[in-house]
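Worksheet: one structure, shown below.
What follows is calculated from the coordinates using simple rules that are stated; it is not laboratory data. The model shown is predicted, which means the values in this text are computed figures rather than measured ones. Cβ sites come from the backbone with ideal geometry, for glycine too, and all protein chains shown count toward neighbours.
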Amino acid sequence: MVLFGHRQHRVKKWHTAAIITAHVRDPRGIRPLQAFVEQGGARYQVFEMAQPSKSTDSNWNFTASTKTTPQLQEGNAKLIVERLERLASKD
């Protein structure tokens with residue numbers, strides 16, 4: 001997965017856990033990321049990389065599971081990975 005904005009992927013069948021690898025590439029450096037699982041109209045955060053990285057190409061591994069997110073159920077789901085925009089500074 002090359003991430004420049006956000007990407008969505010359908011998960012055909014959700015089980016109790018999924019190990020996810022997101023390949024992220026940005027020539028300006030990797031911006032903060034968040035990953036969500038969307039299921040049944042609800043959205044659950046399963047990963048966050050809050051600090052930007054100077055690396056231009058990286059793999060991020062994380063697990064989305066019913067242990068860490070008990071609201072997830074077996075069945076169809078959508079994985080959404082988003083790049084966070086910089087927050088405006090507070091003056």
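Could you list Ile80, Ile30 so that the one with the fewest beta carbons within 10 Å of its beta carbon is first and the one with the most is last?
Ile80, Ile30
So what's the projected area for region 6-83, the Cα convex hull averaged over all directions, in nm²?
Dividing the Cα hull surface by four gives the mean projection, 4.8 nm².
What does the extension gain come out to for Thr16 and Glu85, with contour length at 0.36 nm per residue minus their alpha carbon separation?
Details: separation 69, 0.36 × 69 = 24.84 nm, distance 3.11 nm.
Full-extension gain reported as 21.7 nm.
Which whole-Hz ³J(HN,Hα) couplings does region 69-79 yield from phi under the Karplus relation 6.51 cos²θ - 1.76 cosθ + 1.60, θ = phi - 60°, glycine and proline marked x?
9, x, 6, 5, 10, 4, x, 5, 7, 10, 9
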